[in-house]
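The numbers here are math on the coordinates, done by the rules we state, and not lab data. Because the structure is predicted, anything quoted here is derived from the model rather than measured. Here the Cβ positions follow ideal geometry from the backbone for every residue, glycine too, while neighbour counts run over all protein chains shown.
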Amino acid sequence: MLTLRGSHKGEAYEIEISKAPELNGGYQCRVTKGNGFEKRLCVEIISRVGSRWTFRIDGKIQDLVISRHDGQLLIDWNNRNYRLSIANPKDIHSHTSADHAIDQNVIRAEMTGKVVTVGKKAGDPVAAGESLATVEAMKMLNQVKSPKAGAVRKCHIEAGVVVNPGDLLFEIE
């Protein structure tokens, strides 16, 4: 278990994070505040690009920016800033995972463009390098390809929508 402590707007809180086998590699988080508030969250890591993380928190996709400074974690979530201390810094190493393995599970837009076609939907099998969708950017058609073999877990786009750099397009399992 990893325990984080911090305060926000003068109110102390604690976050306990533990692996949850029933969530297929996800985590169970228990958030408590000094006023007796307690909430449990199911958290799954979707991707990480540098300090930008995408999580599925209780079924909802959330983007967070997480960085380290002076032994603390700085978290920007929904335009709110949190500063957390790790209760036992040795615990952090047991909860890290390889960036490469995480990043191959999602496909994000590389540039602004309009989705022209979507060739795969949730549940469809995919081969490494297989085209999943076509995005028009700067009058050129760009193929969105799967980085690995597997199946489409979720498709976040449909034909006709405009996507921006970093937008989540597909999740692959």
Identity of the residue in the stretch 106-158, touching a Lys or Arg at 6+ places or on another chain (Cβ under 7 Å) and of a type in the set (Gly, Ala, Ser), that ends up surrounded by the most Cβ atoms within 10 Å (Cβ to Cβ): 131
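With respect to residue 43, determine if the residue is surrounded by fewer than 16 Cβ atoms within 10 Å (Cβ to Cβ) and among the aliphatic types (A, V, I, L, M). Full working, then the answer.
Values: surrounded by fewer than 16 Cβ atoms within 10 Å (Cβ to Cβ): no; among the aliphatic types (A, V, I, L, M): yes.
Criteria not met by residue 43.
Which ones in the stretch 47-71 are touching a Phe, Trp or Tyr at 6+ places or on another chain (Cβ under 6 Å) and surrounded by 15 or more Cβ atoms within 10 Å (Cβ to Cβ)?
At the first step, the residues of the stretch 47-71 found to be touching a Phe, Trp or Tyr at 6+ places or on another chain (Cβ under 6 Å) are 62, 64, 66.
Listed by number, the residues that qualify are 64, 66.
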Positions within the stretch 160-173 being among the aliphatic types (A, V, I, L, M) and farther than 15 Å from residue 122 by Cα, in sequence order: 161, 162, 163
Pairs please, first residue from the stretch 156-171 and at positive phi and free of Cβ contacts under 8 Å to residues at least 60 places away in the same chain, second anywhere and assigned to a strand (DSSP E or B) and of a type outside the set (Gly, Ala, Ser), Cβ atoms under 9 Å, 6+ apart in sequence or on different chains. 160/114; 160/115; 160/116
When residues of the stretch 154-168 are limited to those that are assigned to a strand (DSSP E or B), more than 14 Å from residue 111 (Cβ to Cβ) and not basic (Lys, Arg), the one nearest to the chain's Cα centre (by Cα): 168
